[in-house]
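*Asks:* Below is the structure I would like to discuss, written out as structure tokens.
The values are calculated or read from the model by the stated rules, or taken from the named source; none is laboratory data. Everything numeric here is computed off the predicted structure, so don't read it as measured data. Virtual Cβ from ideal backbone geometry, glycine too; neighbours counted across all protein chains shown.
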Amino acid sequence: MRWPIILTLWKKELLEMLRDRRTIIIMVLLPLVLYPIIGLVTSQAQSARVQKLRKSRFRIALIDASLPEPLMRKLLKDNDIEHLRSKDPWLKRIAQKDLSLAIEIRRPKDHAASRPTSSPSTLTAKTSRPSAQPKASSRPSKLHFALPPPYQLRISYLSTSDASRAAKRRIQEILVEYHKLAIQQRLQRFRISPNLVRAFTIEDNDIASAQARGRDILSSMLPLLLIIMTIVGALYPAVDLTAGEKERGTLETLLTAPITSIEIITGKYLTIFCISMITGLLNMLSLWFTFSQGMRMLVGNRKLAIDMTLHAYHYLALLGFLALIAALSSAVMLSMASFARSFKEGQNYTTPAYLLCFMPTFFATLPGSKATLTTAMIPFVNVAFAIKGTIKGDLSLNYALLTLFSMSVVTVAFLKLSATIFQNEQVLFREGDISWKGLFSANAGKRLTIPSISDTFFLLSLQFALLFYVGISLQTKNIALGTTITLWGLFFLPAVGWARARHFDLKETFRLKPLPLKNFLPITLIVVGGLPVVLVITHLISAWLFPEWGEVARQMDKSFSMKTFGLSLPVFFLLLSVSPGICEEMVFRGFVLRSLQTRLKPQSAILLSAFLFAAFHLSLYRLLPTMMLGVVFGWVCWRTGSIFSTMYAHALHNGLSLAIGLWITNKPIAKWLFPSDRPAYWLLAVGLVIFVAGVYWLQRLSPSPTEQRS
């Protein structure tokens, strides 16, 4: 074995891999961007769920007795107490989630013997003195202290219910706190034995069956794993049957045969579908068998506390949902891989598609997540909830039908895209480069005056990684300094620095065109009119789509205060109003929007840049309102052709929002302008009138910018 030759070959292959810019982006930038997104979404959703459970009032049942008055006051503060008898069907009500939990008050068997003989409510104790010989006059004295009768508490709950588990944690905290207080009061009065210190004991009683616990575990892990492995099963066959055949030169031969392109795409699709189905089925059976066998080996001959047995109809339903996953994933991978010219390029195109397919399914695995009409229309998420409902036995027929309909529509759409690609040989065998060619080359940038889409992808990936790994940490330690560094050091400087490194025309890239004074008044009307629209829409989203996120949003709003930042009023407004108006607009309405217009129509470019602008605010709760603002800012910038128009609009909007938060919300006028129980529809109407007037005025002042549609 000649090691010098092996090392030379290794060096050659390594350099060729590192020279491929697409490989660098897929290998480094995508994990740095997508994993933080998953973490942020998961943490925000989990935080919202925790806040909702903390604010919830649970229905607690007391069985056959009551509790001491101080303890009852603590329980009634955040819960609804219902007194029941032991013969009432309270266990069934817990199983049906009508009750969160039940507390049984039980007298111990030795209760009579433990009572003092002198009095049922007093204790007699001899006082002792430090001296060795007590005085003759010493006599027993009675310490009168009303003790609650000794009792035991037995808490019955449902471990498969989020609300029941949360109620159990809350009640245990209250009981432990009261127990410590009772002990402290007794010890302050007299010396007692350790047995009398214990006011009560707590016994957990999980009424969920072993089968219910097993299915709860399966429903939490099986949907995600099944979707991931099925998509993987479709990925590599799709690349090999499209890009692989192009690279081998066999696709041209197939297209010249007396077969139509529809027949070719159908045959390839069925092949990918079958392989994906087999892969998903084998993985599902292997996972189930491995987990079940592992549980048996763990407990030995002892009785299993978890039963993962499924019935025949469960397997049939899972097989049907597996077919839906395989059908859509095969269509998606086939359409993405059809654009590639080589196997390596096909992997680069299908890897992001694979990540975007399974990433939404994390929502179905979050604690407290529920199947709704909205989730039924989201591909892969709907199947995850359907599998979860099938295993647990609470899947409705309407949800299953909606899942089938939405998955079928999206599958047909991607198959139509694949058929269109195979019918267009110019796209199928393109000579142009739809990639990141020259992305890291300064010389290639000299041939361009404005950034390309690949430049935008690289810049935003870099900025998101910096924001997540550096900006958030800095803001946690010092919010004022961290915000300043984030805006100017992580947004403004990288955008301008990348444009200069690539030798772009800064004036064209960032639209550094003077703004006539006549445009400021209509822009002011647009911002003033749009602010109440955004406020009302945010309220509606909070009330209808994310009711549990309200408390999280209020906590976030409280953090944006002068007290938190420790700044004076002018500096506070300068940091949170003017700085975002300059730095964020230079990135999203300058660099990003200008590059998107090189390939997209103005409307599509504005919409996509607005979505990216909203996504960088790292809040699902404010995603839609922020995106609407991005659309307005993008239209204003495109219409005027000047970045200074949106800098002014952005700074004005932030300034008005801060003013509302600092002054109006602390005045009685807030209840009239922004009622908390219902949206101010009259304010929405007035805002729309002002907004439309500003748009019409600006449209009359600024002619249609056809020269920017290149």
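*Asks:* For the range 573-592, does any single residue satisfy the condition of being among the hydrophobic types (A, V, I, L, M, F, W, C), in contact (Cβ under 8 Å) with a residue 40 or more places away in the chain and outside any helix (DSSP H, G or I)?
*Replies:* no
*Asks:* Sticking with this one: Checking the structure you have, find out if any residue of the range 335-349 is within 21 Å of VAL383 (Cβ to Cβ) and aromatic (Phe, Trp, Tyr).
*Replies:* No; the residues of the range 335-349 include none that is within 21 Å of VAL383 (Cβ to Cβ) and aromatic (Phe, Trp, Tyr).
*Asks:* Is it the case that GLU551 is surrounded by 22 or more Cβ atoms within 10 Å (Cβ to Cβ) and either closer than 16 Å to VAL632 by Cβ or at pLDDT below 90 (or both)?
*Replies:* no
*Asks:* Take GLN463 and tell me if it is surrounded by 18 or more Cβ atoms within 10 Å (Cβ to Cβ) and touching a residue at least 24 places away in the same chain (Cβ under 8 Å).
*Replies:* Here the answer is yes, as GLN463 does meet what is asked.
*Asks:* Go through the range 674-701 and give me each residue that's within 32 Å of the chain's Cα centre (by Cα) and at pLDDT below 85.
*Replies:* PHE674, PRO675, SER676, ASP677, ARG678, PRO679, ALA680, TYR681, LEU683, LEU684, listed by residue number.
*Asks:* Here's a follow-up. Which residue out of LEU62, LEU67 is modelled with pLDDT of 85 or more and surrounded by 16 or more Cβ atoms within 10 Å (Cβ to Cβ)?
*Replies:* LEU62
*Asks:* Looking at (1) of a type in the set (Val, Ile, Thr); (2) at pLDDT below 75; (3) surrounded by 16 or more Cβ atoms within 10 Å (Cβ to Cβ), which one does ILE275 not meet, given that it meets all the others?
*Replies:* (2)
*Asks:* May I pose another question? Report yes if LEU490 is assigned by TED's automatic domain parsing to the domain that holds GLY581 and not acidic (Asp, Glu), otherwise no.
*Replies:* Taking the combined requirement at face value, the residue satisfies it.
*Asks:* Within the range 379-393, does at least one residue satisfy the condition of being of a type in the set (D, E, K, R), closer than 27 Å to SER161 by Cβ and outside any helix (DSSP H, G or I)?
*Replies:* Checked the range 379-393: no residue is of a type in the set (D, E, K, R), closer than 27 Å to SER161 by Cβ and outside any helix (DSSP H, G or I).
*Asks:* Check whether at least one residue in the range 366-376 is surrounded by 17 or more Cβ atoms within 10 Å (Cβ to Cβ) and outside any helix (DSSP H, G or I), and report yes or no.
*Replies:* Checking the range 366-376: at least one residue is surrounded by 17 or more Cβ atoms within 10 Å (Cβ to Cβ) and outside any helix (DSSP H, G or I).
*Asks:* One residue is enough: does the range 424-445 have a residue meeting the conditions modelled with pLDDT of 85 or more, in contact with a Phe, Trp or Tyr (Cβ under 7 Å, 6 or more places away or on another chain) and surrounded by 18 or more Cβ atoms within 10 Å (Cβ to Cβ)?
*Replies:* Checked the range 424-445: no residue is modelled with pLDDT of 85 or more, in contact with a Phe, Trp or Tyr (Cβ under 7 Å, 6 or more places away or on another chain) and surrounded by 18 or more Cβ atoms within 10 Å (Cβ to Cβ).
*Asks:* Residue by residue through the range 601-619, note down the ones that are in contact with a helix residue (DSSP H, G or I) (Cβ under 6 Å, 6 or more places away or on another chain) and either outside any helix (DSSP H, G or I) or not aliphatic (A, V, I, L, M) (or both).
*Replies:* Result: PRO602, SER609, PHE611, PHE613, HIS617, LEU618.
*Asks:* If I filter the range 505-515 down to residues being touching a residue at least 24 places away in the same chain (Cβ under 8 Å) and not polar (S, T, N, Q), which single residue comes out as farthest from ILE582 (Cα to Cα)?
*Replies:* Applying the filter and picking the extreme gives ASP505.
*Asks:* Could you give every pair whose Cβ atoms fall below 6 Å, whose first residue belongs to the range 468-495 and is touching a residue at least 24 places away in the same chain (Cβ under 8 Å), and whose second residue is among the aliphatic types (A, V, I, L, M) and surrounded by 15 or more Cβ atoms within 10 Å (Cβ to Cβ), counting only separations of at least 6 or pairs across chains?
*Replies:* Every condition considered, the pairs that remain are ALA480/LEU567; LEU490/LEU466; LEU490/LEU467; PHE491/VAL587; PHE492/MET586; ALA495/MET586; ALA495/VAL587.
*Asks:* Of the residues ARG594, ARG589, only one is surrounded by 22 or more Cβ atoms within 10 Å (Cβ to Cβ) and touching a Lys or Arg at 6+ places or on another chain (Cβ under 7 Å); which?
*Replies:* ARG594
*Asks:* Going residue by residue through the range 351-373, is there one that turns out to be in contact (Cβ under 8 Å) with a residue 24 or more places away in the chain, under 29 Å from ARG248 (Cβ atoms) and more than 27 Å from the chain's Cα centre (by Cα)?
*Replies:* no
*Asks:* A follow-up question, please. Quick check, is MET586 within 30 Å of THR449 (Cα to Cα) and either over 28 Å from the mean Cα position of the chain (by Cα) or modelled with pLDDT of 90 or more (or both)?
*Replies:* yes
*Asks:* State which residue is surrounded by the fewest Cβ atoms within 10 Å (Cβ to Cβ) when the search covers only the range 377-393 and only residues that are within 14 Å of LEU218 (Cβ to Cβ) and of a type outside the set (A, V, I, L, M, F, W, C).
*Replies:* GLY393
*Asks:* Continuing with this model, one more query. For the subset of the range 289-338 comprising residues that are surrounded by 14 or more Cβ atoms within 10 Å (Cβ to Cβ) and at pLDDT below 80, which member is farthest from ILE272 (Cα to Cα)?
*Replies:* LEU304
*Asks:* Could you give every pair whose Cβ atoms fall below 8 Å, whose first residue belongs to the range 228-253 and is over 26 Å from ALA323 (Cβ atoms), and whose second residue is of a type outside the set (Lys, Arg) and outside any helix (DSSP H, G or I), counting only separations of at least 6 or pairs across chains?
*Replies:* LYS246/ALA340; LYS246/SER342; LYS246/PHE429; GLU247/SER342; GLU252/PHE429
*Asks:* Are any of the residues in the range 231-244 in contact with a helix residue (DSSP H, G or I) (Cβ under 6 Å, 6 or more places away or on another chain), surrounded by fewer than 19 Cβ atoms within 10 Å (Cβ to Cβ) and either assigned to a helix (DSSP H, G or I) or at pLDDT below 75 (or both)?
*Replies:* No: the range 231-244 contains no residue that is in contact with a helix residue (DSSP H, G or I) (Cβ under 6 Å, 6 or more places away or on another chain), surrounded by fewer than 19 Cβ atoms within 10 Å (Cβ to Cβ) and either assigned to a helix (DSSP H, G or I) or at pLDDT below 75 (or both).
*Asks:* For GLN347, only one of the following conditions fails: (1) under 16 Å from GLY233 (Cα atoms); (2) modelled with pLDDT of 85 or more. What is its number?
*Replies:* (2)
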